[in-house]
Each structure stands twice: as C-alpha cells, then as structure tokens.
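Worksheet: the structure to be examined is printed underneath.
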Amino acid sequence: MKVGVLGAGQLGRMLALAGIPMNIEFVLLDPAKDACGQSLGEFINAAFDDESALRKFVDKVDVVTVEFENISVKSLEWLSQHVPVYPPPLALSTAQDRLLEKQMFARLGIPTAEYKAIDQLDAFIDYCSSKDQPMIAKSRREGYDGKGQARISADTDLSASWDKLAGVPILVEDMINFDREVSIIAVRDRNGDTVFYPLCENTHANGILHCTQVRLNDPMQQQAEDYSKRVMDELDYVGVLTFEFFDCDGQLIANEIAPRVHNSGHWSIEGTDSSQFENHLRAICGMPLGSTETRGPSAMINIVGEMPARDAVLAVEGAHWHDYAKQPRAGRKLGHITVRANNQQQFDERLAKLEKLLAGTSAPVGACKN
Ligand code: ATP
Ligand code: MG
C-alpha cells in the first residue's frame, strides 16, 4: 500500500512514522525544499497546484491524504478522479472557509458563537458599533495559530483592525467567555464506523497551542462525540477529524474543525493503544480501526522557537522526546514532549518538572493547567 501525502511537515513525518511498521510506503509532496518529513518516503518538491507534479504523484500512490488543510480543492478534486482522496474534498472546502463551516454547524444543530460575515469596512464599523460586547474578527480563509485575527472591544480603532485584516472577507464573532478550550480527535473509516479519543483540554501561549492534557471520563465527552459524528456523517468523512470547542457552563460551543491529524492529538503517540496517526492510516487504507483505550493521565507540551535540553527532558520518567528536525525560528513548532504516568500525583510532578525545563528556553511556558 502506498499513501500519497500532500504536505511533508511534521504531521506528514509522524504519519509516515506510524505507517512504516505496517509496511505502508509514502510519497510526500510539499513546496518547501526543507520540509521535515521528506526523508520518510519519496519526496516531490512542488507546489500543491503544479499539474505535472500532481500527475506524477498520483501515478505512484493508492490513496491520497493531506497533512495541510489549505490545499486547492480543484487539485483535490482532480486527484480524486484517479485515486480515493481522504478526507473527501468536501471536508476540505468546508473547513477552509469559516463561513461554510459555521453554516454546516447550524444545519447540524451544533451551537456556535453568534457571528456575522462581512466584506466591507462600512458594514464592519456598523456591526461592531451596534454590539455592546467584546468580539473577535477572523479572516474567513487561511488563518492558523491565531493569525488573521483581531480582537475588538469598545475602544478598538476599527479602521486599524480592518487594515490589519487586509480587507479580506471576515467573520466577526462574539467573544465567548469560556471555562476552558477542549478538542476531540475522532476517526471514521470507509464503512462509516467511528472511534473517538478522550477529550483534551488545551492551553495556548502567544496564539499557539502550548499544552494538551487528556481528560479521562470528562462529562463533555458524549456531547463532543455526538457533534463530531454529526459532522463526519454529513461529510461522508474518512480519516481523523479534530473538533475544537469552547466549554461554557457545561455546554460545548463549536469553534472549528480541522480535517486532519492535529497538534492536540500528539499525546496519543505514547498515550493510547493506537495513535491518531495510526488510526488515520487505518481509516484511509481500509483497515479496521484501532483501540483508543487510554490508561492514566497523559499530556503533550509543544516546543516552540527553541529546543530545551534534550537529556534533561528524557530524564523525566514517562517523558518522550519528539524532534521534528527543523531549523529553530521564533514562533516555529520544532517538536513536542509527551508525558504519561500511572496516577494523577505522579503525573502532576512530571508535568511540573517539564514545565520548569521549558522555562529555561524562549519557548512559551506556564500555561499547563492541572
Ligand atoms: P489554531 O490554528 O490554533 O487552531 P486558528 O488560527 O485556526 O487557531 P481559532 O481556533 O479560531 O483560530 O482561534 C484561535 C484562538 O482564539 C482560540 O483557540 C481561542 O483561544 C481564541 N478564540 C477564537 N474565537 C474565539 C471566540 N469566539 N471567543 C473566545 N475566544 C476565541
Ligand atoms: Mg483553532
């Protein structure tokens, strides 16, 4: 079985690392010359809409998947005329536009923040002036890690915010006063069977995910599974789908979906029976899904901008080191650490040690919450 992956960043790299034991081979396509997943398979260095490269790519593989969600739907549709493309192009086109995504949530009875789609400065000023509460403006397309967003309160200079967003079509959402941010990693196979990982609680630093902690037996688990299943059935989804929510007074409010393996699922590499990467491959290759049973507390901490001392991290019991082999740069995700333990007290101690080690670097720290 040969899997074609559009994108050869760290997600493509970890997909390949999970597939090699199952004798799955990989062809990875990425426009970046130094893409960190390239050594894990055959590498095609080309733009995602380079027709001759896509032809060469598709001829080599049995199935195509993505590790990056902003790939032109035209390319995906063309590829899907030759081999199965999972997740289906409809899932990508929906997730690529925050308006289409929100409209789908409404159709499926999944609550979201109140919002308005706007593409003119006048309408932006009118709408924001008419609302008496904090809001957040987001570009409809191509935002990630909090980029393409502007927070709006009573004293915000609205013209300056509009300029910051570069005049592209946006959504203006009510700011949700949430208790916590959670996400769920869901998987659906080619027969429509599903499995779910336990709910994760996420904290951010400088707009980038900092820490994900698994919440076993969380009271919101069922609701998160139910909403994810509605979305996956609607899209006839195959593969891993990540759903980000705000937990607000015991109600989940949908933020966004990611039609791919996700940073908040990296803990599953060591934390469960079958990782999100393995289960994504099982789903798209038509294999039975693997167990997501999770024993004991588990977490993931991102390494951003600068690597901490590897051996000090590895000296913490239960910790695993994941180095994406990328050049350090401010704000760049360079790797992550996973940690697990047999009981909560042991886990809290290990996590605290790791946070302390990260505090010695320029990486964002201190946001892990127990
Ligand atoms: P990422 O790539 O990290 O998932 P993103 O750029 O796709 O981020 P969002 O997830 O929509 O964008 O927003 C980034 C963060 O901003 C959220 O994780 C949350 O902390 C905050 N945020 C976004 N929308 C709202 C909202 N309506 N109310 C409160 N906070 C919000
Ligand atoms: Mg998000």
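The values are calculated or read from the model by the stated rules, or taken from the named source; none is laboratory data. Bear in mind that the values here come from a model prediction, so they are computed numbers and not experimental data. Every residue, glycine among them, receives a Cβ derived from its backbone with ideal geometry; neighbour counts consider all protein chains shown. Surface accessibility is based on the protein's heavy atoms, side chains included, excluding ligands, DNA and RNA. Shrake-Rupley method; radii C 1.70, N 1.55, O 1.52, S 1.80 Å.
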Legend entry - Qualifying position, being more than 16 Å from residue 241 (Cα to Cα) and out of contact with any strand residue (DSSP E or B) (no Cβ under 9 Å at 6 or more places or on another chain), among 192, 148, 167, 143: 167
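Can you tell which of 226, 249 is within 16 Å of ligand 1 (Cβ to nearest atom), among the charged types (D, E, K, R) and open to solvent by 40 Å² or more (accessible area, probe 1.4 Å)? I'd like the intermediate steps shown before the answer.
Details: 226 fails: within 16 Å of ligand 1 (Cβ to nearest atom).
From the options 226, 249, the qualifying one is 249.
Say whether the condition of being closer than 30 Å to residue 127 by Cα and crowded, with 17+ Cβ neighbours inside 10 Å is met by at least one residue in the stretch 210-223. Lay out the reasoning, then the answer.
Applying the first criterion (closer than 30 Å to residue 127 by Cα) to the stretch 210-223 yields none.
No - not one qualifying residue is present in the stretch 210-223.
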Inset, instruction - Scan the stretch 89-119 residue by residue and report those that are surrounded by fewer than 21 Cβ atoms within 10 Å (Cβ to Cβ) and touching a Gly at 6+ places or on another chain (Cβ under 9 Å). - result: 119
Inset, instruction - Determine, yes or no, whether residue 197 is open to solvent by less than 50 Å² (accessible area, probe 1.4 Å) and more than 17 Å from residue 244 (Cβ to Cβ). - result: no
Inset, instruction - Among the candidates 278, 293, single out the residue that is closer than 21 Å to residue 337 by Cα and out of contact with any helix residue (DSSP H, G or I) (no Cβ under 7 Å at 6 or more places or on another chain). - result: 293
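Here is a yes/no grid of residues against (1) crowded, with 18+ Cβ neighbours inside 10 Å; (2) part of a loop (DSSP other than H, G, I, E, B); (3) away from ligand 2 (no atom under 16 Å from the Cβ); (4) not aliphatic (A, V, I, L, M):
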{"position": "26", "(1), (2), (3), (4)": "yes, no, yes, yes"}
{"position": "29", "(1), (2), (3), (4)": "yes, no, yes, no"}
{"position": "32", "(1), (2), (3), (4)": "no, yes, yes, no"}
{"position": "35", "(1), (2), (3), (4)": "yes, yes, yes, no"}
{"position": "49", "(1), (2), (3), (4)": "no, yes, yes, yes"}
{"position": "54", "(1), (2), (3), (4)": "yes, no, yes, no"}
{"position": "71", "(1), (2), (3), (4)": "yes, yes, yes, no"}
{"position": "76", "(1), (2), (3), (4)": "yes, no, yes, no"}
{"position": "82", "(1), (2), (3), (4)": "no, yes, yes, yes"}
Legend entry - Residues of the stretch 5-53 satisfying the condition of being over 20 Å from the mean Cα position of the chain (by Cα), closer than 22 Å to residue 241 by Cα and not β-branched (Val, Ile, Thr): 22, 26
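Pick from 289, 241: which is among the hydrophobic types (A, V, I, L, M, F, W, C), touching a residue at least 24 places away in the same chain (Cβ under 8 Å) and within 16 Å of ligand 2 (Cβ to nearest atom)? First the steps, then the outcome.
Values: 289 fails: within 16 Å of ligand 2 (Cβ to nearest atom).
Within the list 289, 241, the selection yields 241.
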Inset, instruction - For residue 296, work out the one condition from (1) modelled with pLDDT under 95; (2) of a type outside the set (Phe, Trp, Tyr); (3) within 16 Å of ligand 2 (Cβ to nearest atom) it doesn't fulfil. - result: (3)
Legend entry - Selection count, the stretch 252-286, where residues are more than 16 Å from ligand 2 (Cβ to nearest atom) and open to solvent by less than 10 Å² (accessible area, probe 1.4 Å): 11
Legend entry - Failed item in (1) within 30 Å of residue 176 (Cβ to Cβ); (2) assigned to a loop (DSSP other than H, G, I, E, B); (3) open to solvent by 20 Å² or more (accessible area, probe 1.4 Å), with residue 125 passing the rest: (2)
